[in-house]
Amino acid sequence: MAIYFDKETKTFYLEGKSTTYAFYINNFGYAEHLYYGKRIHRDYIIYTRSEGVRSCIATAPGADNVSGQKSFHHMNPEISFFGTGDYREPTVHPRFASGDRLTTLLYAGHEILDEKPAISGMPSMRGGKTLVLHLYDEVKSFGADLYYTVFDDCDVIARRIVYYNDSGDTVKLDRAYSFAMSLPSGEYDMLSLHGGWACERQPERVPLHYGVASIDSKRATSSATLNPFMAILGRDTTESFGDAWSVSLIYSSSFVLKAEITSSGEALLLGGINDFDFEWQLGAGESFETPEVAIAYSADGIGGMSRALHDAMRDHLINEKYVKAPRPVLINNWEGTYFNFTKEKLCAIADAVAGTGIDTLVLDDGWFGKRDDDKSGLGDWFVNEKKLVGGLDGVIEHVHSVGMKFGLWFEPEMISEDSDIFRAHPEYAIGVPDRARCYSRHQFMMDLTNPEVRDYIVNSVNAILGKHKIDYVKWDYNRNVTEFFSLALDSELQSEFAHRYALGLYDICDRIVSANPDIFFEGCSGGGARFDPAILYYFPQVWTSDNSDAEERTRIQYGTSIAYPLSAMACHVSASPNHQVGRATRLATRGDIAHLGATGYELDTTVFTDDDRAAVKAQIEAYKKMERLVLEGDLYRIENPYTSNYFSFMIVSKDKSQAHLTCYRSLNHCNPAPHRVIMQGLDENKQYYIPELNLILHGSVLMSVGIVVNFGKGDFETKVYHLEEK
């Protein structure tokens, strides 16, 4: 890990685990990108930049000379800006008091920090040597500090920008993105993750065209519709071969990521906070911090890029206390009872799995306020003792008595119209006066831009957590923002609402999580509608999807793994037939797919037979043997369920001494051809014992010859294989 500055050429070389990121300060003082890819020597590479201007191309301001690099149009930006002859997407768009929207941000110095500073009020990655590049507009007394952090243990660079106003007037930011980065001319594809409820993070790969391609959310959340992730791939890049760059935005509100192919064929990547319905008032002497992005590169295709992101999130973003610690193996009562539970029913659910290895009972929605369905009670965070006679403690004590921990569901950001808190404080709900609000799941949303609302939420939730012996919290979020208005904000600040909502969310997360350091928190959002890096900063795992069908989950978990580690995915064994799609699958299949994440169960265990209990116990014993791989291992996606009848994930330990392979076949066919699976990620010179085959084979054989998987009869079948170095 190193950051070098060549004073003679004014070139910066940022070196991570096996990558180089290079840019220089050109003769105009403009920060111009040179290279981001696999590690290279620190040679003079400025020769790659084109010179001169052409007809109809404006020169840089005041430079009426066609020799040399004279046009911002031909300079690959580390930050782009509007109105100076560069018509590409700008990174920042300020409006000054005069009405002038021009800015020219040029080099004003730099610092190299041994330790990465945190962002005020927002999640960010830990550690790493950091370059701070100071850029300044002398005319407008407006500046931008560009932060670059490199890590010695992963091929990821963290970037962000801080904008500041040194003038005596207010500057209005109509756009304030987090980064810009260029790629050389070439043919590229864009990979994004789209979806919806119960079908989150479906990969889509499309060719980039001249002009701008973008993905975004305007929902004040990262959303199930489009994840805040974008990858740019060489046209010939595959899962295991070729150049792959990606951007993961560490942010949970309205965002945009863009890829623009310019007239020269080069690509410009940029993005951050969505500038739709955005304006930020930057007062005299104030600064504005943008959310951080994690930018990854791999020469080993999409898989290598994913592994770089996984390492970065596990080692530098997710809570250090929990990220690699064994996870709770839980039974959640939701699909077992929905709202119809009693103390006796919950105790019976715990009794039915005591001794199987399930170690936590999570009580889901319906334990509080007046909450017998989803039409009332949200925001009233006090125990419904009519439903739970004697309160929570009776259930908790019983669960603890059978050797299990206890978890509890909250939806802190929501409020029901039929609730005590809404009747007392209708202004706590997001809405525009005199306009009817939109309902979603029969509920409104709390106005997190209001400090009084945040205090109410924090105090109410912490009171429950402080009063009872609770080991686990499931934090849900079941709708998106509508109305986008706060009674707590002045009229000229209403376009700051979406970002202020994110800051409010991070405030309550920080205050609740930090006040309860021994409680394990899981995120949820009507499934996986807010599965983003910023949420993982607070919650070590997120409920991947409300769709728990094993067949559907092969695709959901495949797509999610492109941007997120397996350890971040909460994956449950649910009832058969499945409650979402009605499909019947074997318990073994459901368990094998759920084991490719933080595993758990969500069904009515009181109907278990002795055989069911024995099967669950065996499943959990098998999961515990592979749990270390799920938490720390390298993932290889071997078969793609979007393009074939098969799905295969292989997880390999960092030292390549152990591995686990899960293979799945969707539909059986009569007289099928032998199905061969070629393994990946092993040490070709090591020998591995595979007990399921009673074979000892070299890694070179397994990665060239592979194995033949015999699924047997039936649809939706799995086979698992364990590999141990001999």
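Condition check ((1) hydroxyl-bearing (Ser, Thr, Tyr); (2) in a loop (DSSP other than H, G, I, E, B); (3) not assigned by TED's automatic domain parsing to the domain that holds Tyr251) across all residues:
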| residue | (1), (2), (3) |
| --- | --- |
| Arg101 | no, yes, no |
| Gly109 | no, no, no |
| Ile112 | no, no, no |
| Ala144 | no, no, no |
| Thr149 | yes, no, no |
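Just so you know, in the range 675-726 the residues that are touching a Phe, Trp or Tyr at 6+ places or on another chain (Cβ under 8 Å) and basic (Lys, Arg) include one that is nearest to Arg553 (Cα to Cα), and it is Lys719.
Within the range 73-104, which residues are free of Cβ contacts under 8 Å to residues at least 40 places away in the same chain and closer than 14 Å to Leu135 by Cβ? Phe81, Thr84, Thr103 - these are the residues of the range 73-104 that are free of Cβ contacts under 8 Å to residues at least 40 places away in the same chain and closer than 14 Å to Leu135 by Cβ.
When every residue of the range 231-254 is checked against the conditions, at least one turns out to be modelled with pLDDT of 95 or more, part of a strand (DSSP E or B) and on the phi > 0 side of the Ramachandran plot.
Figure legend. Inter-residue proximity from the range 698-711: first residues not assigned by TED's automatic domain parsing to the domain that holds Lys656, second residues surrounded by fewer than 17 Cβ atoms within 10 Å (Cβ to Cβ), beta-carbon distance below 9 Å, spacing 6+ or different chains. No pairs are indicated.
I want to confirm something. Restricting to the range 180-196 and keeping residues that are polar (S, T, N, Q) and farther than 23 Å from Arg219 by Cα, which single residue is farthest from the chain's Cα centre (by Cα)? Across the range 180-196, the extreme among qualifying residues is Ser185.
Here is a yes/no grid of residues against (1) part of a strand (DSSP E or B); (2) touching a helix residue (DSSP H, G or I) at 6+ places or on another chain (Cβ under 6 Å); (3) in contact (Cβ under 8 Å) with a residue 12 or more places away in the chain:
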site: His400; (1), (2), (3): no, no, yes
site: Gly403; (1), (2), (3): no, no, yes
site: Leu408; (1), (2), (3): yes, no, yes
site: Pro412; (1), (2), (3): no, yes, yes
site: Arg423; (1), (2), (3): no, no, no
site: Gly431; (1), (2), (3): no, no, yes
site: Arg435; (1), (2), (3): no, no, yes
site: Val453; (1), (2), (3): no, yes, yes
site: Asn459; (1), (2), (3): no, no, no
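Is it the case, given these coordinates, that Ser401 is surrounded by fewer than 22 Cβ atoms within 10 Å (Cβ to Cβ), modelled with pLDDT of 95 or more, more than 20 Å from Asn459 (Cα to Cα) and touching a strand residue (DSSP E or B) at 6+ places or on another chain (Cβ under 8 Å)? For Ser401, the condition - surrounded by fewer than 22 Cβ atoms within 10 Å (Cβ to Cβ), modelled with pLDDT of 95 or more, more than 20 Å from Asn459 (Cα to Cα) and touching a strand residue (DSSP E or B) at 6+ places or on another chain (Cβ under 8 Å) - is not met. Per the listing Thr290, Thr337, the residue uniquely more than 30 Å from His579 (Cα to Cα) and either assigned by TED's automatic domain parsing to the domain that holds Ile232 or modelled with pLDDT of 95 or more (or both) is Thr290. Please tell me if Ile318 is part of a helix (DSSP H, G or I) and either surrounded by fewer than 17 Cβ atoms within 10 Å (Cβ to Cβ) or not charged (D, E, K, R) (or both). It is false that Ile318 is part of a helix (DSSP H, G or I) and either surrounded by fewer than 17 Cβ atoms within 10 Å (Cβ to Cβ) or not charged (D, E, K, R) (or both). Taking first residues from the range 195-222 that are assigned by TED's automatic domain parsing to the domain that holds Val542 and partners that are buried (at least 22 other Cβ atoms within 10 Å of the Cβ), no Cβ contact under 7 Å between residues at least 6 apart in sequence or on separate chains turns up. For the range 638-659, filtering for residues that are assigned to a strand (DSSP E or B) and under 19 Å from His722 (Cβ atoms) leaves 10. Of the residues making up the range 165-193, those that are among the small types (Gly, Ala, Ser) and either under 17 Å from Arg88 (Cα atoms) or outside any strand (DSSP E or B) (or both) are Ser167, Gly168, Ala176, Ser178, Ala180, Ser182, Ser185, Gly186. Any residue at all in the range 696-706 that is of a type outside the set (Asp, Glu), in a helix (DSSP H, G or I), buried (at least 19 other Cβ atoms within 10 Å of the Cβ) and at negative phi? There is at least one residue in the range 696-706 that is of a type outside the set (Asp, Glu), in a helix (DSSP H, G or I), buried (at least 19 other Cβ atoms within 10 Å of the Cβ) and at negative phi. Scanning the range 121-179 for residues that are of a type in the set (Phe, Trp, Tyr) and either surrounded by fewer than 20 Cβ atoms within 10 Å (Cβ to Cβ) or more than 30 Å from the chain's Cα centre (by Cα) (or both) yields Tyr136, Phe142, Tyr164.
Just to be sure I understand, how many residues within the range 386-396 are in a loop (DSSP other than H, G, I, E, B), surrounded by fewer than 20 Cβ atoms within 10 Å (Cβ to Cβ) and touching a Leu at 6+ places or on another chain (Cβ under 9 Å)? Adding up the residues that qualify gives 0.
The values are calculated or read from the model by the stated rules, or taken from the named source; none is laboratory data. Keep in mind that this is a model prediction, so the values were computed, not measured. Because the Cβ atoms are built from the backbone with ideal geometry, glycine has one as well, and the counts that use them run over all protein chains shown.
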